[in-house]
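The values are calculated or read from the model by the stated rules, or taken from the named source; none is laboratory data. Just so we're clear, the structure is a prediction, and the values are computed from it rather than from any experiment. All Cβ positions, even for glycine, are placed from backbone atoms using ideal geometry, and neighbour counts span all protein chains on display.
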Amino acid sequence: MKKLITGVAIVFGLIFPSTHTIAAPPDDTFVVGLPTDTIGLEPAQISSRHTANIMKHIFGQLYSVSESGSIDPNLAESYVISDDGKEYTFTLKEGLTCHDGEALTAEDAAYSFNRVADEDLAFTGNSAGFVYKSIDFKEARADSEREVTIVLGGPNHIALGLIAEVYVHCKDSYEKMSKDEAASNPIGSGPYEFVKWDKGSQIVLKKAANPPIPTNFENVIWRVIPEASTRTAELIAGNVDMITNASPDQVEAIDASSTAKVAKVQGTRRMYVGFHQGPEFAVTPGGAAIQKPEVRRALQYAVNVPAICENLLNAPCTRMTGIVNPNNAHPNLEPYPYDPEIAEYLLDQAGYPRDANGVRFEITLQAGEGRYLNDKNVVLAICQYLDDVGVKTNCEILDWSAVYIPLIKEKKAGPMYFIGSGGATWSPLYDMADLSAPDSGPNYTKWMNEEWFKGWKVINNTNDEYIIRREIDRMLEVFYNEGPWLHLYFQPDFYGVSNRVNWNPRRDEKVDLFNATLK
Amino acid sequence: MFFYILRRIPQTVLVIFGVTLVTFIALQIGGDPTYLFVSERASPEEIEETRKMLGFDKPLHIQYLIYLSNLVQLDFGDSLYYRQPALTVILETLPATIELTIFSMLIAIFGSIPFGILAAIYRGKWIDGSLMAIAMLGQSIPSFWLGIMCILYISLNVSWLPISGHVPFLMLIFQGEFIQAFKNLPTTITYLILPSFAVAFYSVSRNARLIRSSMLEVLSQDYVRTARSKGLSEYIVIMKHAMRNAWLPVVTIIGLEFGFVISGVVVVEVIFAWPGLGRTVFDAISNRDIPLVQAAVVVISLFVIVINLITDLVYAKLDPRIKL
């Protein structure tokens, strides 16, 4: 028995001293806790926000969108637009270097843009898909050592912000790598160099020898901690400096700790209930009812959005006034108030009085589960609010990936559906581009309003900022009065932040660690 | 024995074929995964292009035949999520799961044997009652809850062990970095203790009950009485005469359990941020990463088949009456 006790003591003696390795990060290191791993490290193929957040620390962009929504120089110091609006010529800063040690030139920048469009490499995701389709990318060319020109199919008012989503990488290194090799060996141009990626565990970066923008921490570690309660525990224990996607039900525990606080921010993701306007749904009683703008307007008064935010999202919120984020919204439009009496009055006026059972019409509201913050309960609450004004609402909660997303993308969800759409702070037109054309991908409601789509023609045919803003405001009024969305809220984001560091979240779900400092 | 192993090969091929078919059908029931691989604002044309690029535009039977023909050449396809060969992703995450599995099995075996024997020896006494009560508890507590409680009380409150994470050992061994691997070993073990305990607690409990009942049966046999009457010490009687026979049903269970653990540590891997195969498969299913799920299922199936084979061989070795 003595031998056994001695053996156990030796084993524990060996093990427990090493628990000192589980200490707070060193002063020159910032550790982030993420819920999911990166989807590869290929700069030309990014389709998730977490991946983009890591990549923007490894790769520079020509210009980048700041926290306030301004589009600022990053690798480039200036740009000019050709008279026909089709060519954007950027001048790179002097003395830039790639992480492979080579000088970063216009040739690298042009290569990066052309590589994304290379059909042989068959990239998918944000740049190759949405960005290039939106700007109608034609080619990129190096005009000189420091000048690179991006050629578009036509003028585009949001091109600069979209070009800012493309990451610049280094030609020599990428030409030597196969597509598979490039997916796990990023050779960047940004403030941090890639050190290693332990799949499913962590991505380690160190400050580049010649960072293009100033940054404070020498090392950044992105730790993958899928379980929300474990992320919270790591934060409270002081092992990570910041966690993303902090669970609302753990806000209290984090705030009650002496080591961390929760930073809540109203995000840019617009959460709404879509009213499908397609003829396929107009044959149902509810589907026919929501074809009328009067009915859609009435339903805006029926849902208590601030109460949903306070009680189900654990954060106060501002109700949307339409499709655009607040800093770019129409200055004179106020969010619809919660007033069920007005809702009932307007429904009566629209020709939908309550019947003997108290029902005006029946309708189905579809939603996916598990994608957005407390989505299922939010949808159930909306259904209840609509029931309360006599709209008998059948809530259909579906599996997100297998059932709901195919329905949404094929524009078959409805007649009402709940969804969120990523937005931006840097341009109202970016947010409005969900409805850039009657057949645009995200026009899931099949809304065909002539007044709205006429506005795009005006905007696309002028460079006059005043006329553009005036037209935007006119379109936003149309959307407010007749739009196909039941306005909800901008989804709040929760970050847990250690008391050891100064770091502020952004509204647009982008994570910048460049300005983070130690307290 | 050689012929026995040879006879098992066609069975293995058949099992793998069945597994791939069932997995393929199960994954296809979930619908077309293309939508998860396009941007939020993708146009119908872009969705169609991506569908073609991913190969989901072909009829299902063609997709399956392509998969099978590639599989014969040991090409599992590329992970849609990681954009890397699926087999590479599996092999990168497998060592972490093997570490967790082996450590859990060690706890399960070496924890259950003394408990089971003690309970059998002191049958009906308070030791037996206490141990069996703990065993009952162990079989009732879900591993995810146990894991969270361990994090809360052992890691967060008293800071004895790390909350989550992983320090590689086996991976470095496979990469030939032996010095670094053994330098890591003490830290690796500290990171292994809690997740392994959360996985093994159920097995310890079940095996302890099994060993107890098996021992009780053996202890009442004539040859044990004979051994005692020869004047042998109780230690020799238990460990040399009784234990060897009591061990047989336990070997079967442990063999089966190894397969269960290697494929069933998903929840614990998620809670402890353990970058293993279970979590990779879980994520792959959530992300509809069909090639990765298929590759993982084939690899796990092969593991289970090999472990079952080893169990059969060990069983025959322990009990000479069994002929293979």
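For (1) polar (S, T, N, Q); (2) within 18 Å of the chain's Cα centre (by Cα); (3) more than 8 Å from chain B (Cβ to nearest Cβ), each residue gets a yes or a no:
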| site | (1), (2), (3) |
| --- | --- |
| A:P406 | no, no, no |
| A:K411 | no, no, yes |
| A:G414 | no, no, yes |
| A:Y417 | no, no, yes |
| A:S421 | yes, yes, no |
| A:L429 | no, yes, yes |
| A:D434 | no, yes, no |
| A:A437 | no, no, yes |
| A:G441 | no, yes, no |
Problem - Answer residue from the stretch B:91-107, given it is of a type in the set (A, V, I, L, M) and within 12 Å of the chain's Cα centre (by Cα) and is nearest to the other protein chains (Cβ to nearest Cβ) among those - result: B:A96
Practice task
Determine which member of the set B:L248, B:L277 is buried (at least 19 other Cβ atoms within 10 Å of the Cβ) and aliphatic (A, V, I, L, M).
Solution key: B:L277
Problem - the stretch A:386-404: number of residues that are more than 10 Å from chain B (Cβ to nearest Cβ), charged (D, E, K, R) and either in a strand (DSSP E or B) or out of contact with any strand residue (DSSP E or B) (no Cβ under 8 Å at 6 or more places or on another chain) (or both) - result: 3
Completion exercise
Selection over the stretch A:336-361 where residues are crowded, with 19+ Cβ neighbours inside 10 Å and within 15 Å of A:L488 (Cα to Cα) yields a count of 1
Completion exercise
The residue from B:L14, B:L74, B:L87 that alone is buried (at least 19 other Cβ atoms within 10 Å of the Cβ) and either more than 14 Å from chain A (Cβ to nearest Cβ) or farther than 30 Å from B:K323 by Cα (or both) is B:L87
Practice task
Within the stretch A:401-435, work out how many residues are without any contact (Cβ under 8 Å) to a residue 40 or more places away in the chain and not β-branched (V, I, T).
Solution key: 6
Practice task
Report, by residue number, each residue of the stretch B:41-57 that is surrounded by 18 or more Cβ atoms within 10 Å (Cβ to Cβ) and at the interface with chain A (Cβ under 7 Å from one of its Cβ atoms).
Solution key: B:R41, B:A42, B:S43, B:E46, B:I47, B:T50
Problem - Within the stretch B:285-324, tally of residues that are closer than 24 Å to B:S79 by Cβ, of a type in the set (K, R) and part of a helix (DSSP H, G or I) - result: 0
Practice task
Taking B:R209 as the residue in question, decide whether it is away from chain A (no Cβ under 14 Å) and in a helix (DSSP H, G or I).
Solution key: yes
Practice task
Check whether at least one residue in the stretch A:317-326 is touching a residue at least 40 places away in the same chain (Cβ under 8 Å), surrounded by fewer than 18 Cβ atoms within 10 Å (Cβ to Cβ) and under 20 Å from A:P415 (Cα atoms), and report yes or no.
Solution key: no
Practice task
Examine the stretch A:357-364 for a residue that is in a strand (DSSP E or B), hydroxyl-bearing (S, T, Y), closer than 14 Å to A:V273 by Cα and within 13 Å of chain B (Cβ to nearest Cβ), and state whether such a residue exists.
Solution key: no
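Kindly evaluate A:A329 against the criterion of being touching a residue at least 60 places away in the same chain (Cβ under 8 Å), under 29 Å from A:W426 (Cβ atoms) and touching a Lys or Arg at 6+ places or on another chain (Cβ under 9 Å).
Criteria not met by A:A329.
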Problem - Breaking point among (1) at pLDDT below 95; (2) in contact with a strand residue (DSSP E or B) (Cβ under 6 Å, 6 or more places away or on another chain), for A:S436 - result: (2)
Exercise for the section: Would you check if there is a residue in the stretch A:197-210 being modelled with pLDDT of 95 or more and of a type in the set (S, T, Y)? Expected result: no
Practice task
Just give me the residues in the stretch A:468-501 being among the charged types (D, E, K, R) and either in a helix (DSSP H, G or I) or in contact with a Cys (Cβ under 7 Å, 6 or more places away or on another chain) (or both), in sequence order.
Solution key: A:R469, A:R470, A:E471, A:D473, A:R474, A:E477, A:E482
Fill in the blank from the handout: Within the stretch B:260-276, residues under 14 Å from B:L94 (Cβ atoms) and under 8 Å from the mean Cα position of the chain (by Cα) come out as B:V261, B:I262, B:S263, B:V265
Handout entry: Long-range neighbours under 7 Å by Cβ, at least six apart or interchain, first residue touching a residue at least 40 places away in the same chain (Cβ under 8 Å) within the stretch A:203-214, second of a type in the set (F, W, Y) and part of a strand (DSSP E or B)
Key = A:I203/A:W197; A:I203/A:W222; A:L205/A:Y192; A:L205/A:F194; A:A208/A:Y192
Practice task
Could you list all residues from the stretch A:172-200 that are touching a residue at least 60 places away in the same chain (Cβ under 8 Å), over 21 Å from A:T517 (Cα atoms) and small (G, A, S)?
Solution key: A:S173, A:A182, A:A183, A:S184, A:G188, A:S189, A:G200
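Of everything in the stretch A:92-116 that's of a type outside the set (D, E) and surrounded by fewer than 19 Cβ atoms within 10 Å (Cβ to Cβ), which residue is farthest from A:A142 (Cα to Cα)?
A:G101
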Exercise for the section: Check every one of the helices (runs of 4 or more DSSP H) wholly within the stretch A:20-139 and list those with 2 or more residues that are over 30 Å from A:V501 (Cβ atoms) and more than 12 Å from chain B (Cβ to nearest Cβ). Expected result: A:106-117
Handout entry: Among residues of the stretch A:354-399, those that are of a type in the set (A, V, I, L, M, F, W, C) and closer than 28 Å to B:I285 by Cβ, counted
Key = 9
Handout entry: Every residue from the stretch B:115-129 that is surrounded by 14 or more Cβ atoms within 10 Å (Cβ to Cβ) and part of a helix (DSSP H, G or I)
Key = B:F115, B:G116, B:I117, B:L118, B:A119, B:A120, B:I121, B:I127, B:D128
Practice task
Might you let me know whether the stretch A:374-385 holds any residue that is part of a loop (DSSP other than H, G, I, E, B), buried (at least 21 other Cβ atoms within 10 Å of the Cβ) and either more than 14 Å from chain B (Cβ to nearest Cβ) or modelled with pLDDT of 90 or more (or both)?
Solution key: no
